[in-house]
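Each remark here refers to the structure printed beneath this line.
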Amino acid sequence: MSATPMVNDHHTHHFDGSKNVFGFWIYIMTDCILFATLFAVYAVLHSHTYGGPHGKDLFSLPFVLTETMILLTSSFTYGLAMLARNTGNKNIIIGWLWFTFFLGLSFISMEIYEFHAMYVEGNTWATSAFLSSFFTLVSTHGLHVSMGLIWMLTLIYQINKHGITPVTKTKLTCLGLFWHFLDIVWIFVFSVVYLMGAI
Amino acid sequence: MAKHEPEFDVDTGATYGTHKSYATGFILSIILTLTSFYLVSTGAFSTLHLYIAVGVLALIQLFVQLVFFLHLSTHSKASWNLLSFLFALLMVLIFVLGTLWIMYNLYVNMGMNAMSM
């Protein structure tokens with residue numbers, strides 16, 4: 001045992017983000033299970049319309065396809081932001097993040113528009129078990145996307161302030177996992193809720 | 001792709017794609033999404049076959065995005081990511097298939113018609 005106090009240990013220690021990224025990955029996996037339960041509930045209740053409208057009567061497929069394409073494109077542009085992490089030019093990352101942010105915002109705006117249109121026609125979460133499970137599943141995804149958007153704004157601020165450091169790079173990577181994961185969940189919402197609902 | 005050793009970032013321990021891999025994933029996802037949409041909107045197959053086709057296309061897209069966007073690989077350095085993913089997948093299958101199985105049995109044995117409720 002050395003008697004020398006290691007006073008400089010804190011300053012010389014290199015930030016290792018690998019555990020943060022792995023820990024975040026574990027969180028994403030638990031989120032998968034959350035969505036699985038909501039999908040299971042939807043699969044059981046989707047035919048319980050209580051005399052109200054079926055998915056077929058409510059959904060506009062071209063509208064939802066547009067939402068899907070917007071979210072898919074935002075996943076791609078986020079990838080472009082991550083690819084710029086080693087260029088040393090933070091403005092490229094920030095530019096793509098803003099691009100992704102506005103695509104995400106368009107997606108959420110379209111979703112709110114859709115929900116509002118259903119609500120004013122009297123098709124609310126209280127109408128039937130089908131609509132309860134529909135709103136729970138789709139808005140849980142929407143809530144995740146909204147949280148991702150807030151996180152993206154804070155990340156843009158941090159990268160602008162601190163530049164590309166191991167810490168901001170780790171945060172960029174975690175949000176990337178989150179954002180791509182939400183795109184995958186949406187593929188299943190699009191396929192199971194909207195496309196299968198329209199068959 | 002398997003030819004190339006994945007590059008692990010020194011700061012984050014994560015692997016990232018290349019412009020080519022992101023573009024490949026993006027284009028494949030668009031093709032798969034449009035195919036599903038086309039099949040359903042034109043009613044190309046019978047009802048059962050449409051359900052199967054949309055389900056299979058969604059699973060293919062899950063695989064495409066896992067590989068090209070999330071960079072899940074079988075590389076030994078990332079084995080814990082893959083292992084936790086497989087465990088989560090098992091849980092997801094148990095929850096979803098188990099729920100459908102038990103609820104279907106309930107409807108059949110209680111003489112309830114799921115479509116009329």
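The values are calculated or read from the model by the stated rules, or taken from the named source; none is laboratory data. Keep in mind the model is a prediction, meaning the values are calculated, not measured. Neighbour counts are summed over all protein chains in view; Cβ atoms, including those assigned to glycine, are modelled from backbone coordinates with ideal geometry.
Observations
- Identity of the residue in segment B:55-112, polar (S, T, N, Q) and under 16 Å from residue A:40 (Cα atoms), that ends up farthest from the other protein chains (Cβ to nearest Cβ): B:105
- Positions within segment B:11-25 being within 22 Å of the chain's Cα centre (by Cα), in a helix (DSSP H, G or I) and surrounded by fewer than 21 Cβ atoms within 10 Å (Cβ to Cβ), in sequence order: B:20, B:21, B:23, B:24
- Filtered by the rule that a residue be β-branched (Val, Ile, Thr) and modelled with pLDDT under 95, segment B:6-39 gives B:10, B:12, B:15, B:18.
- Matching residues, segment B:87-114, being under 14 Å from the mean Cα position of the chain (by Cα) and surrounded by fewer than 11 Cβ atoms within 10 Å (Cβ to Cβ): B:90
- Of the residues B:53, B:78, the single one that is closer than 24 Å to residue A:175 by Cβ, crowded, with 16+ Cβ neighbours inside 10 Å and not aromatic (Phe, Trp, Tyr) is B:78.
- Segment B:66-78 residues that are in a helix (DSSP H, G or I), paired with ones that are aliphatic (A, V, I, L, M) (beta carbon under 7 Å, 6 or more apart): B:66/B:72
- Qualifying residue in segment A:168-191 (condition: surrounded by fewer than 21 Cβ atoms within 10 Å (Cβ to Cβ) and among the hydroxyl-bearing types (Ser, Thr, Tyr)): no
Here's the yes/no breakdown for (1) surrounded by fewer than 17 Cβ atoms within 10 Å (Cβ to Cβ); (2) touching an Asp or Glu at 6+ places or on another chain (Cβ under 8 Å); (3) among the aromatic types (Phe, Trp, Tyr); (4) modelled with pLDDT under 90:
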site	(1), (2), (3), (4)
A:27	yes, no, yes, no
A:35	no, no, yes, no
A:48	no, no, no, no
A:78	no, no, yes, no
A:92	yes, no, no, no
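- Of the residues making up segment A:33-43, those that are at the interface with another protein chain (Cβ under 7 Å from one of its Cβ atoms) and touching a residue at least 24 places away in the same chain (Cβ under 8 Å) number 2.
- Qualifying residue in segment A:105-113 (condition: away from every other protein chain (no Cβ under 14 Å), surrounded by 15 or more Cβ atoms within 10 Å (Cβ to Cβ) and not in a helix (DSSP H, G or I)): no
For (1) β-branched (Val, Ile, Thr); (2) touching an Asp or Glu at 6+ places or on another chain (Cβ under 8 Å); (3) at pLDDT 95 or above, each residue gets a yes or a no:
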position: B:52; (1), (2), (3): yes, no, yes
position: B:59; (1), (2), (3): no, no, yes
position: B:73; (1), (2), (3): no, no, no
position: B:90; (1), (2), (3): no, no, yes
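One line per residue, one yes/no per condition, for (1) more than 14 Å from every other protein chain (Cβ to nearest Cβ); (2) under 19 Å from residue A:75 (Cα atoms); (3) modelled with pLDDT of 95 or more; (4) in contact with a strand residue (DSSP E or B) (Cβ under 8 Å, 6 or more places away or on another chain):
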residue	(1), (2), (3), (4)
A:143	yes, yes, yes, no
A:146	yes, yes, yes, no
A:149	yes, yes, yes, no
A:161	yes, no, yes, no
A:164	no, no, no, no
A:174	no, yes, yes, no
A:183	no, yes, yes, no
